[in-house]
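Asks: I have a structure here, written as structure tokens, and I will follow up with some questions on it.
The values are calculated or read from the model by the stated rules, or taken from the named source; none is laboratory data. Computed from a predicted model, the values in this text were never measured in an experiment. Virtual Cβ from ideal backbone geometry, glycine too; neighbours counted across all protein chains shown.
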Amino acid sequence: MNESKLVELLGQVSSGTLPPEQALERLRMLPFTEAGQVLADTHRMLRQGFPEAVYAEGKTLAQTTDALTALVAAHGFALATRVTSEVASSLLQRFPTGSYDHVSRLYRIGQMNVSFSFAPVAVVCAGTSDLPVAEETAQTLEFAGVSVNRITDVGVAGLHRLLARLDDLRAAGIVIAIAGMEGALPSVLGGLVAAPVIAVPTSVGYGANLHGISALLSMLNSCASGLTVVNIDNGFGAAMAALRMLNMQKKA
């Protein structure tokens, strides 16, 4: 249940078209819905402005399907992350209106009925090897109704490529910087723009990259003040950090 449906429910009770007992029964479903082996947090949309997303990695097909079924029933839309192509094929049979993206590994059913009138979020990645994380970020934001400006392959090894997009970067309301290797891109961006910068280390890189730990430590130790850093390869988490900022701007 989302906010508009809750207002509609209360209006029906107020007008007398819905008995309070029936409304109470519906409200009992708000905190969570039990579906097979999962407990879907159907109340999260009301609390945070974004529904629970299904983290499919490590889940069985049945668990993923049960969770998506409960979330679609509650909201009319749902999002699953880290979905393999094999699982996606099965999900398309169960949810034929859904769509799967092989790069981001997101499975989307429907779309959130919201929009933001703010400047777009710039999703910036250092190299095309970072695209899976960048697309997880960008497409999660688009699912939530956010306008995204993608800026790709502008790593600091060729700084002129980044500087050529400076006007686009400075026009963004939030910048999400995604990089592996030594993870220097967010520090550079933090010195170029006034907008909040969210840094995402990726596991892309040679041996001493340590599967993203080197990039993570570089970002945490950045001399560009005020960077927000999420975990390695966590494009979804970066999108959610941006959405929290945008939702607070809506309330201001």
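Asks: Provide a single number: the residues in region 59-80 that are polar (S, T, N, Q), crowded, with 20+ Cβ neighbours inside 10 Å and out of contact with any Lys or Arg (no Cβ under 6 Å at 6 or more places or on another chain).
Replies: To start, the set of residues in region 59-80 that are polar (S, T, N, Q) comprises 60, 63-65, 69.
Filter once more, so that each one left must be crowded, with 20+ Cβ neighbours inside 10 Å: 64-65.
Filter once more, so that each one left must be out of contact with any Lys or Arg (no Cβ under 6 Å at 6 or more places or on another chain): 64.
Of the residues in region 59-80, 1 are polar (S, T, N, Q), crowded, with 20+ Cβ neighbours inside 10 Å and out of contact with any Lys or Arg (no Cβ under 6 Å at 6 or more places or on another chain).
Asks: Here's something else I'd like to know. Kindly provide the set of residues from region 9-22 that are under 20 Å from GLY76 (Cβ atoms) and at pLDDT 80 or above, ordered by number. Show your work before the answer.
Replies: Start the filter on region 9-22 by keeping residues that are under 20 Å from GLY76 (Cβ atoms), which leaves 9-12, 18.
Across region 9-22, the qualifying residues are LEU10, GLY11, GLN12, LEU18.
Asks: Counting only residues that are under 25 Å from ALA134 (Cα atoms) and of a type in the set (Val, Ile, Thr), how many does region 39-91 have?
Replies: Final tally of qualifying residues: 6.
Asks: Please state which one of LEU243, LEU227 is buried (at least 17 other Cβ atoms within 10 Å of the Cβ), in contact (Cβ under 8 Å) with a residue 40 or more places away in the chain and either more than 24 Å from ARG82 (Cα to Cα) or not assigned by TED's automatic domain parsing to the domain that holds PRO186 (or both). Please lay out each step first, then the result.
Replies: Details: LEU243 fails: either more than 24 Å from ARG82 (Cα to Cα) or not assigned by TED's automatic domain parsing to the domain that holds PRO186 (or both).
Answer to the check: LEU227.
Asks: Given the conditions (1) at pLDDT below 80; (2) among the β-branched types (Val, Ile, Thr); (3) part of a helix (DSSP H, G or I), and given that THR42 satisfies all but one, which numbered condition is not satisfied?
Replies: Checking THR42 against (1) at pLDDT below 80; (2) among the β-branched types (Val, Ile, Thr); (3) part of a helix (DSSP H, G or I), the one that fails is (3).
Asks: Could you check region 145-168 and list, in sequence order, the residues that are surrounded by 22 or more Cβ atoms within 10 Å (Cβ to Cβ) and in contact (Cβ under 8 Å) with a residue 40 or more places away in the chain?
Replies: VAL146
Asks: Return only the number of the condition from (1) of a type outside the set (Gly, Ala, Ser); (2) assigned by TED's automatic domain parsing to the domain that holds ASP168; (3) closer than 17 Å to ALA172 by Cα; (4) touching a Leu at 6+ places or on another chain (Cβ under 8 Å) that PHE143 does not satisfy.
Replies: So PHE143 meets the others, but not (3).
Asks: How many residues does region 94-128 contain that are of a type in the set (A, V, I, L, M) and more than 17 Å from ARG244 (Cα to Cα)?
Replies: Restricting attention to region 94-128, the residues satisfying the condition of being of a type in the set (A, V, I, L, M) are 103, 106, 109, 112, 114, 119, 121-124, 126.
Narrowing further to those that are more than 17 Å from ARG244 (Cα to Cα): 103, 106, 109, 124, 126.
Residues meeting the conditions: 5.
Asks: Moving to a separate point now. I want to confirm something. Restricting to region 120-131 and keeping residues that are surrounded by fewer than 24 Cβ atoms within 10 Å (Cβ to Cβ) and touching an Asp or Glu at 6+ places or on another chain (Cβ under 8 Å), which single residue is modelled with the lowest pLDDT?
Replies: Step one: filter region 120-131 for residues surrounded by fewer than 24 Cβ atoms within 10 Å (Cβ to Cβ), giving 120, 127-129, 131.
With touching an Asp or Glu at 6+ places or on another chain (Cβ under 8 Å) added as a condition, the list becomes 127-128.
Numbers: GLY127: 91, THR128: 94.
Per the stated criteria, the residue is GLY127.
Asks: Next question. So which residues in region 87-124 are assigned to a helix (DSSP H, G or I) and within 30 Å of ALA177 (Cα to Cα)?
Replies: Going residue by residue through region 87-124, those that are assigned to a helix (DSSP H, G or I) are 87-94.
If the condition is that a residue be assigned to a helix (DSSP H, G or I) and within 30 Å of ALA177 (Cα to Cα), then VAL87, ALA88 are the ones that fit.
Residues checked against (1) within 19 Å of VAL156 (Cβ to Cβ); (2) touching a residue at least 24 places away in the same chain (Cβ under 8 Å); (3) within 22 Å of the chain's Cα centre (by Cα):
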position: ILE174; (1), (2), (3): no, yes, yes
position: ILE198; (1), (2), (3): yes, yes, yes
position: SER222; (1), (2), (3): yes, yes, no
position: ALA239; (1), (2), (3): no, yes, yes
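Asks: Would you pick out the residues in region 152-182 that are touching a Lys or Arg at 6+ places or on another chain (Cβ under 9 Å) and of a type in the set (Asp, Glu)?
Replies: ASP153
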